[in-house]
Amino acid sequence: MNLQDTDFELFGVPSTFLQDRAALDARWKELQREAHPDRFTSQGAAAQRIAMQWSVRINEAYERLKEPVRRASYLCELNGAPIHAEDNTAMPGDFLMQQMEWRESLDDASEAGAIDALQAEVDAARARALSSLDWLIDEKADYQAASQQVRALMFIERFAQDVEAKADALGQ
């Protein structure tokens, strides 16, 4: 293992958006067994510290690879199209209008049916965005367009959390 390997190289999986979650989980467990600091107790404190570094590196890679938004963002960065979500919030006008409409619907929602309908709409938008990322990254290798789609998906994810919070507040 090499600390400079990409997460995909570390896990021995292709550098693609679509990943087999069960394979990632199994590989994570395997890598953690190999690098667990307890396996290096007889080799001293230095070996255990290195094992701990590996364990942290493996966990960080796993967290990036298992989450679709983080994985897409990582792929974009690896391919020269960083997301820059903190300072690049430019989005197409129709997307911003949709966000405003969703916000108004959420503000106006006062019963379970309205929240459920909004949640279904947000879930469908999320599914479309994920499908688009699969196509943009794995089929077209258009990382610039994919980075914009990742930013849109980040908006959708945050809004989905707000919908869930409102549902919890209404006692659903």
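The values are calculated or read from the model by the stated rules, or taken from the named source; none is laboratory data. Note that the structure is predicted; figures quoted are calculated from it, not measured. Cβ placement follows ideal geometry from the backbone for every residue including glycine, while neighbour counts extend to all protein chains displayed.
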Of those in region 87-99 that are under 24 Å from the mean Cα position of the chain (by Cα) and over 19 Å from Ala160 (Cα atoms), the residue modelled with the highest pLDDT is Pro92
Original post:
Looking at region 86-94, is at least one residue closer than 26 Å to Arg27 by Cβ and either small (Gly, Ala, Ser) or touching a residue at least 60 places away in the same chain (Cβ under 8 Å) (or both)?
Top reply: no
Just checking, does region 100-114 include any residue being over 16 Å from Gln161 (Cα atoms), basic (Lys, Arg), assigned by TED's automatic domain parsing to the domain that holds Asp162 and free of Cβ contacts under 8 Å to residues at least 60 places away in the same chain? no
Note on region 17-55: residues outside any helix (DSSP H, G or I) and loosely packed, with under 12 Cβ neighbours inside 10 Å are Asp20, Gly44
With the first residue restricted to region 123-145 and required to be closer than 16 Å to Thr16 by Cβ, and the second required to be part of a helix (DSSP H, G or I) and β-branched (Val, Ile, Thr), Cβ contacts under 9 Å at 6 or more apart or on different chains are Leu130/Val69; Leu133/Val69; Leu133/Val150; Tyr143/Ile137
Within region 123-154, residues within 17 Å of Met91 (Cα to Cα) and of a type in the set (Phe, Trp, Tyr) come out as Tyr143
